[in-house]
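As structure tokens, the structure follows; a few thoughts come after it.
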Amino acid sequence: MRSLISILDFTVEELDGLIATAKDIIAHPENYWDKCAHKKLATLFFEPSTRTRLSFEAAMLELGGSVIGFSEASSSSAAKGESISDTAKMISCYADIMAMRHPREGAPYVASQAASIPVINAGDGGHNHPTQTLADLLTISREKGRLNDLTIGLCGDLKYGRTVHSLIEAMARYTGIRFILISPEELRLPGYVRYNVLERNQIPYAEYRSLDEAIGQLDVLYMTRIQRERFDSHETYERLKNCYILDTQKMALAKDDMCVLHPLPRVNEISVAVDDDPRAAYFRQALNGKYMRMALILKLLEEAKDPVKASADTGDLVYGRTCTNPKCISCVEQELPQIARITDAAENIHRCIYCEQKV
Ligand code: CP
């Protein structure tokens, strides 16, 4: 059964196909009004959301389908201790497709292994957020007219910002892409993205501490919120929370055709005065998310009509290595097998199959 857990689950051709479908939906919405008649989407949100949950729900309703689900863990049987796997099996009885957001890294992957319907990762802790990346890709395509030959700046919390990780994994597969990583030392990009994606594939990138020094080079500036809920130390969050604020003075240093993206919600990292700048694309980006989620639901439900049994994922796997990442789903669901993947045989690097941290 095809699911979307990581943006790497889809080829570049498939991503381009989703973008083409989304553009067709924008041009001819009436052609899609009943494409999902009698189909149900389950939205399982164990963590707060405005855009992702409601755009998924709007997407399914605009396709003629219906929606069931919950918006907080406390109103589900997770509050009584039900496991992710059992939850996924239950939802498979009631819906045709599910979107899951969870604070634990790897939880949607676990659900996809147990479910008999497609599972969409709607954000797992500080790990991945592939449907935000779908929104980002459509936005870059519409704002810049291309997905190649771009200098993309990512600014803010690159450690916990899951949207950044998925966007780099996606954009690194297009040609002529250069990344500028702008963050404090404590919030640098995690190793599994830096080494597995950028260095292994020799993608050009540079790191900056100052947004002022970097902004003039950029075609796209992707601002992020400092992710307060992911910090172990309140003092560290307080010290870093105001580290980058995009205001009209900084926008004056940028190219005339640079576009500003932000997955939202914002706190204070983009001044409200920037909203009136035509280069500010973040509200258009949120709308694009609905069209890409419509395209995604259509694709996964179409493929589910003829499910190809996924071949067992046995390559380079090692059993019994315990993950020590306290944010990993395997740290709380004790009956999950501890599995690692060898991501670099020469360096003997093993990464947890659920959260991708080194084990
Ligand atoms: N961008 C995003 O994931 O927003 P929500 O947290 O509101 O879903």
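The values are calculated or read from the model by the stated rules, or taken from the named source; none is laboratory data. Predicted model, so just to flag it, every value in this text is computed and none were measured. Positions of Cβ are backbone-derived with ideal geometry, glycine not excepted, and every protein chain shown enters the neighbour counts. All accessible areas refer to the heavy atoms of the entire protein, side chains included, with ligands and DNA or RNA removed. Shrake-Rupley method; radii C 1.70, N 1.55, O 1.52, S 1.80 Å.
Details
- Carbon-plus-sulfur accessible fraction, the chain (probe radius 1.4 Å, protein heavy atoms only): 49%.
- Taking the charge dipole of the chain about its Cα centre, with +1 at Lys and Arg Cβ atoms and -1 at Asp and Glu Cβ atoms, the residue from GLN217, SER6, GLY161 reaching farthest to the positive side is SER6.
- Cα-based shape type of the range 23-65, given that a ≥ b ≥ c are square roots of the gyration tensor eigenvalues and the cut on a/c is 1.5: oblate
- Charged side chains reduced to their Cβ positions (Lys and Arg at +1, Asp and Glu at -1) give the chain a dipole of some 300 debye around its Cα centre.
- By accessible area with a 1.4 Å probe, ligands and nucleic acids excluded, highest first: order of PHE283, PHE56, PHE70: PHE283, PHE70, PHE56
- In the chain, the DSSP-assigned H stretches of four residues or longer account for a calculated mean residue ellipticity at 222 nm of -9500 deg cm²/dmol, using -39500 (n - 2.57) per stretch and the full residue count as denominator.
- Here's the picture: charge each Lys and Arg Cβ at +1 and each Asp and Glu Cβ at -1 in the range 265-359, and of ALA295, HIS350, PRO265 the one pushed furthest to the positive end of that dipole is ALA295.
- Alpha-carbon centroids, the range 103-153 and the range 1-63: separation in whole Å: 12 Å
- Computed about the Cα centre, the dipole magnitude for the range 140-197 is approximately 200 debye when only Lys and Arg (+1) and Asp and Glu (-1) carry charge, each at its Cβ.
- The alpha carbon radius of gyration of the chain, expressed as a multiple of 2.2 N^0.38 Å, is 0.96.
- When peptides 20-29, 173-182 are sorted by average Cβ neighbour count within 10 Å, with the highest value leading, the order is 173-182, 20-29.
- Over the chain, accessible surface divided per residue gives 43 Å², non-protein components excluded, 1.4 Å probe.
- Fully extended contour minus Cα-Cα distance, from LEU287 to LEU61, at 0.36 nm per residue: 79.9 nm
- Among complete DSSP H helices in the chain, those whose alpha-carbon atoms stretch at least 27 Å along the helix's long axis and whose mean Kyte-Doolittle hydropathy reaches -0.5 are 282-304.
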